[in-house]
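Just so it is clear, none of the values below were taken in a lab; they were calculated from the coordinates. As the structure is a computational prediction, the values presented were derived from the model and not from experiment. Cβ coordinates were reconstructed from backbone atoms using ideal geometry, including for glycine residues, and neighbour counts include every protein chain displayed.
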Amino acid sequence: MPVLAVTRTAVSPSVEKDEGLNILGIVVFSIFLGAVLSSMGPSGKPLLDFFETLHESTMKLTMLVIWCVLICKTLGVDNFMINLTHEFTINSIA
C-alpha cells in the first residue's frame, strides 16, 4: 500500500492597495453625514432638502434613460446609447 505524502504550505495574506473607488469610505461618510444633518434640526434642513431634490432628479433621469432604451429596443433601434453618446460627442466638438 503506497503512502501518500502530505505537504503543507504556509500562505501569508498580503494586503495590496487597489487603485479604484473607495466605495466603503463613501458609504461610511454618507451615513455619518446623514446622521449629523438629521441631528442638526432646522439648521440642517436646507442641505437635507438639497440632497432629497438631487435624489429625486437623479431617479427621474435614470427612469428617462430606461424608458428611452426600452422604447428603442421595442422599435428595433440597435445601439441607442452608443448612437446617442456619439451624437452628443460630435455636437460638443463641432
> How far is it, in nm, from the label point at Phe29 to the one at His55 when both lie 7 Å from their Cα along the line to the Cβ?
Replying inline: 1.9
> For the range 1-77, what class follows from the C-alpha gyration tensor (a ≥ b ≥ c being the square roots of its eigenvalues): rounded when a/c is under 1.5, otherwise prolate if a/b is larger than b/c, else oblate?
Replying inline: oblate
>> As an exercise, use a Förster radius of 41 Å and the Cβ-Cβ distance of Leu48 and Glu19 to find the FRET efficiency, rounded to the nearest 0.05.
In response: 0.75
